[in-house]
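Only one structure is covered here, and it is reproduced in the block below.
The values are calculated or read from the model by the stated rules, or taken from the named source; none is laboratory data. Being a predicted model, the structure only gives us computed values, none of them experimental. So basically every Cβ, Gly included, is an ideal-geometry build from the backbone, and we count neighbours across all protein chains shown. Just the protein is used for accessible areas: all its heavy atoms, side chains included, with ligands, DNA and RNA removed. Shrake-Rupley method; radii C 1.70, N 1.55, O 1.52, S 1.80 Å.
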Amino acid sequence: RNKVETLLQSIRDMDFEYEQQHIHVTMTIGVKEMESDVSYEKIIKVADDNLYAGKRNGRNQIVY
């Protein structure tokens, strides 16, 4: 969990400049922990659903 939060904070802290304009980048991340009794397809589906839930709820966040 901490690695994903560190990644998101690192992206929030980046300062991009293009044609003398500062660009603020955001990222929404959907996460699902691995479980031995759950298929990869199900894990990816839940993570994808979490990603879109984060986008619907304001973006720039992690949804577990």
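Below is a table of values for the structure above.
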| quantity | calculated |
| --- | --- |
| Hz values of 3J(HN,Hα) by residue in region 46-61 - Karplus curve (6.51, -1.76, 1.60), Gly and Pro given as x | 5, 4, 5, 4, 5, 4, 5, 5, x, 5, 5, 9, x, 6, 6, 7 |
| Label assignment, Rg and Dmax of the Cα atoms in Å derived from the structure, set (i) 13.4, 40; (ii) 13.2, 50; (iii) 14.5, 51 | (iii) |
| Region 19-26 - phi-based ³J(HN,Hα) in whole Hz, Karplus 6.51/-1.76/1.60, Gly and Pro as x | 6, 6, 10, 7, 10, 9, 9, 10 |
| Asp48 accessible area, assembled protein chains, probe 1.4 Å, Å² | 70 |
| Between 0 and 90°, nearest 10: helix 2-13 axis offset from the chain longest Cα axis | 20 |
| Charged-residue dipole, Cβ positions (Lys, Arg, Asp, Glu), the chain about Cα centre, Debye nearest 20 | 240 |
| Accessible surface of the chain [probe 1.4 Å, protein heavy atoms]: carbon and sulfur percent | 50 |
| The chain, accessible area per residue, ligands and nucleic acids excluded (1.4 Å, Å²) | 83 |
| Longest segment of the chain lacking trypsin sites (Lys or Arg not before Pro) that sit in a DSSP loop with at most 15 other Cβ atoms within 10 Å | 2-58 |
